[in-house]
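Structure first, commentary second.
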Amino acid sequence: LGLLSILAIPSILNVLIHTKKSSSKATAYRRYIKTVYHTLAWFRNDLKPETNAWKSIEMVRKMHSHANQSSKASSVGMISQRDMCLTQFGFVGFTVLFKNELGIVSTDEEMGNFCHFWRVVGHLLGLRDEYNLCCDTMDETLARMEFVRKEFLLPGLSETSKDFEEMTSFAVS
């Protein structure tokens, strides 16, 4: 759900298309399985220097930097703080907003810990605090996530492009 929803954001979609790392079923599979492996490294290891999680974060930052430089040079656009915020939603938003509907059982403390984790990951990936969806309080976190869902994702999903259709066919195949 997260991946499909952020592909509806033209600025994110354009950068992903530009990288050509999701342009076929095979390349999309490789890209998204690598994303899963990075995410697992973050969850399974301490987020501190010299760990696998830290090395993974550094690798993702380098990939983002390269994609950003290449996209800017090609007049495709850049990876903005807004786009990083929307991408963060793709990883955490549905879990937080719709945990009951998704069958996720957690205490308020556990969900708070989950959001704290993603706040730290967002920070380590270069997301400034004012754009980080995961905040000090769950009330603020929920309000930001609901705002992103209503103001960006729902409108994006209601008017998709041919590029969206093509890219999502690779993502869900």
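The values are calculated or read from the model by the stated rules, or taken from the named source; none is laboratory data. In this text the structure is predicted, and so the values were computed from the model without any measurement. Quick reminder, even Gly has a Cβ in these numbers, built from the backbone with ideal geometry, and neighbours come from all protein chains shown. Side chains included, ligands, DNA and RNA excluded: accessible areas come from the protein's heavy atoms. Shrake-Rupley method; radii C 1.70, N 1.55, O 1.52, S 1.80 Å.
Looking at the stretch 56-76, which of its residues are over 19 Å from Arg128 (Cα atoms), in contact (Cβ under 8 Å) with a residue 12 or more places away in the chain and not aliphatic (A, V, I, L, M)? Answer for the stretch 56-76, where residues must be over 19 Å from Arg128 (Cα atoms), in contact (Cβ under 8 Å) with a residue 12 or more places away in the chain and not aliphatic (A, V, I, L, M): Ser56, Ser70, Ser71, Ser74.
Going through Leu133, Leu125 one at a time, which residue ends up being modelled with pLDDT of 95 or more, out of contact with any His (no Cβ under 8 Å at 6 or more places or on another chain) and among the aliphatic types (A, V, I, L, M)?
Of the residues listed, the single one that is modelled with pLDDT of 95 or more, out of contact with any His (no Cβ under 8 Å at 6 or more places or on another chain) and among the aliphatic types (A, V, I, L, M) is Leu133.
For the stretch 124-155, residues that are in a helix (DSSP H, G or I) and not aliphatic (A, V, I, L, M) total 14. Residue count for the stretch 25-81 satisfying the condition of being at positive phi and surrounded by 12 or more Cβ atoms within 10 Å (Cβ to Cβ): 1.
A Cβ distance below 7 Å, combined with a sequence gap of six or more or placement on separate chains, defines the contacts here; from the stretch 89-109, residues that are without any contact (Cβ under 8 Å) to a residue 12 or more places away in the chain reach residues that are assigned to a helix (DSSP H, G or I) in the pairs Leu102/Phe94; Leu102/Thr95; Ile104/Thr95.
Conditions tested, residue by residue: (1) of a type outside the set (Gly, Ala, Ser); (2) touching a Lys or Arg at 6+ places or on another chain (Cβ under 9 Å).
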{"residue": "Trp54", "(1), (2)": "yes, yes"}
{"residue": "Met59", "(1), (2)": "yes, no"}
{"residue": "Ser65", "(1), (2)": "no, no"}
{"residue": "Ala73", "(1), (2)": "no, no"}
{"residue": "Met78", "(1), (2)": "yes, yes"}
{"residue": "Gln81", "(1), (2)": "yes, yes"}
{"residue": "Cys85", "(1), (2)": "yes, yes"}
{"residue": "Phe91", "(1), (2)": "yes, no"}
{"residue": "Val96", "(1), (2)": "yes, no"}
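With Leu40, Leu102, Leu16 as the choices, which residue is of a type in the set (A, V, I, L, M, F, W, C) and more than 26 Å from Phe147 (Cα to Cα)?
Leu40
Condition first: assigned to a loop (DSSP other than H, G, I, E, B), of a type outside the set (Asp, Glu) and farther than 16 Å from Leu127 by Cα. Can you find one or more residues in the stretch 23-30 that meet it? Checking the stretch 23-30: at least one residue is assigned to a loop (DSSP other than H, G, I, E, B), of a type outside the set (Asp, Glu) and farther than 16 Å from Leu127 by Cα.
Of all the numbered requirements in (1) modelled with pLDDT under 95; (2) in a helix (DSSP H, G or I); (3) under 24 Å from Lys162 (Cα atoms); (4) not charged (D, E, K, R), Ser75 misses one, and that requirement is (2).
Exactly one residue out of Val92, Val121 is open to solvent by less than 60 Å² (accessible area, probe 1.4 Å), within 21 Å of Gly156 (Cβ to Cβ) and part of a helix (DSSP H, G or I): that is Val92. Annotation note: Cβ proximity below 6 Å between a residue of the stretch 124-150 that is open to solvent by 30 Å² or more (accessible area, probe 1.4 Å) and a residue that is modelled with pLDDT of 95 or more and of a type in the set (Val, Ile, Thr) (sequence gap 6+ or interchain) occurs for Leu124/Ile57. Residue pairs whose Cβ atoms lie under 9 Å apart, separated by 6 or more positions or on different chains, with the first residue in the stretch 156-170 and in a helix (DSSP H, G or I) and the second open to solvent by 80 Å² or more (accessible area, probe 1.4 Å), are Gly156/Pro10; Asp163/Pro10; Phe164/Pro10; Ser169/Lys25; Phe170/Lys25; Phe170/Tyr29. Checked against the criterion of being in contact with a Gly (Cβ under 8 Å, 6 or more places away or on another chain) and either modelled with pLDDT of 90 or more or closer than 27 Å to His116 by Cα (or both), the candidates His38, His64 yield just one match: His64.
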